[in-house]
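First comes the structure, then the notes that go with it.
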Ligand code: A3P
C-alpha cells in the first residue's frame with residue numbers, strides 16, 4: 001500500500017464480510033449505500049481521519065452518479081481550469097494541426113485527465129493526489145454523506161455536481177453493465193433501481209445530498225448542474241463552471257471565442273470520434289474494470305428511456321423519485 005492508507009487486509013475483510021452484498025452486480029451496501037465493491041476500500045481510506053485524503057486550498061471535486069455525464073463534466077472542467085497551460089484548439093482550419101493535437105483531451109480519455117478518488121485510493125495510489133498541481137481537480141461517485149468533512153465542511157473545497165433524469169441514467173447504466181453481463185435483463189436493473197439497490201443507490205439520496213448542500217451555499221461550495229441543461233446550453237454551463245472555480249472568462253477570452261472552443265473540444269461528437277476514445281482504446285486507470293474508453297460514449301442525448309421502458313414503468317419510477325424529492329424544490 002504505497003499510499004499507506006488502505007485498511008489492512010484482515011481489517012478490510014472484517015468490515016466487508018458483514019456488509020449486505022449483490023454479487024451479480026458486484027455491489028456492497030456500505031453505510032446504507034449500494035456501492036461497487038471495488039470502491040469500498042478506497043472510500044474507507046478517504047474517510048479515515050488524518051489518513052486518506054489530505055485537503056488542499058482550492059480543491060475542486062466533480063461529483064456524480066455513474067452514467068450522468070461524469071466523462072463530459074471531467075472534460076469540460078479540465079479544459080476550463082487548464083486553459084492557460086493548454087488553450088483549447090480553435091475551430092478546424094483556424095490554426096496549425098500540431099497545436100490542435102497537442103491538447104491533452106485530444107490524446108487522453110477524460111478519465112485519465114481527472115482522477116476518480118475512490119478508484120485511486122482503492123488501488124493504493126492515494127498519494128498520487130499529492131502530486132497533482134493546485135488547484136487540484138478530482139472526481140467521485142460517492143454520496144455526499146459518505147465524503148469526509150475535510151471536503152464537505154471545507155469552505156476552500158468546491159464541489160461540482162451533475163445530475164440527470166434517473167430514467168436515462170438507468171438506461172445508460174444498463175448498456176454499460178451489459179458489457180460485463182451481456183445477459184442481464186433491463187427489467188432486473190430497473191427493479192433494483194426502483195428498490196434503491198442498484199449502483200450508487202439509492203439514487204435519490206445521492207441527488208438530494210448534493211442538492212441540499214448546494215442550497216446551503218450555492219455560490220461558494222456546491223454548484224449543481226443538470227445534464228439536460230448542459231446539452232441545451234453548454235456554453236452557459238462552461239461560464240458558470242469557470243465563475244464557480246474562480247476563473248471567469250475575461251472579455252478578451254470571450255471575444256476570442258474560448259468558451260465555444262471548450263464546448264467544441266468536449267462535445268460528444270468530437271470526443272467519441274477521437275482515436276483514443278474508439279472502442280479498442282483502454283485507459284490505464286480503467287483497465288481493471290475491462291471497460292474500454294469507447295464505452296463512455298454511447299448516444300449522448302436525452303429521452304432514450306422511451307426505447308426501453310413502457311409508459312407504466314416510466315410512471316412508476318417518476319412517482320418514486322417525485323415522492324423522495326418532495327419538498328426539496330427539485331424535480332425531474
Ligand atoms: P448515454 O449512455 O445515454 O449515451 P458517465 O460519463 O457518467 O459514465 O455518463 C455516460 C453518459 O454520458 C453516456 O450517456 C454518454 O454517451 C454520455 N456522454 C459522454 N460524453 C459526453 C459528451 N461529451 N457530451 C454529452 N454526453 C456525453
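Computed from the coordinates by the stated procedures, all read-outs in this text should not be read as laboratory data. What you see is a predicted model; the values in this text were computed from it and never measured. Cβ: placed from backbone, ideal geometry, glycine included. Neighbour counts: every protein chain shown.
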Net lengthening on full extension, residue 84/residue 181 (0.36 nm per residue, minus Cα-Cα): 30.7 nm
Global form of the stretch 162-211, assessed from the alpha-carbon gyration tensor, a/c cut-off 1.5: prolate
Highest-fluctuation residue, 145, 14, 192 considered, GNM on the chain with Cα pairs under 10 Å: 14
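Provide 198, 68, 113 in ascending order of the number of other Cβ atoms located within 10 Å of each residue's Cβ, fewest first.
Ascending Cβ contact count within 10 Å gives the list 113, 198, 68.
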Prolate/oblate/rounded label for the chain (Cα gyration tensor, a/c 1.5): rounded
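Would you calculate a helix-derived [θ] at 222 nm for the chain, using -39,500 (n - 2.57) for each DSSP H run of n ≥ 4 and dividing by the full residue count, to the nearest 500?
Values: 17 runs with 138 residues, N = 332.
Result for the chain: -11000 deg cm²/dmol, rounded to the nearest 500.
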Residue order, fewest to most surrounding Cβ atoms within 10 angstrom, among 151, 160, 320, 184: 184, 320, 151, 160
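Treat the count of other C-beta atoms within 10 Å as a stand-in for reagent exposure and order 137, 36 from fewest to most. Let's see the in-between values first.
Values: 137 23, 36 20.
Ordered by Cβ neighbours within 10 Å, fewest first: 36, 137.
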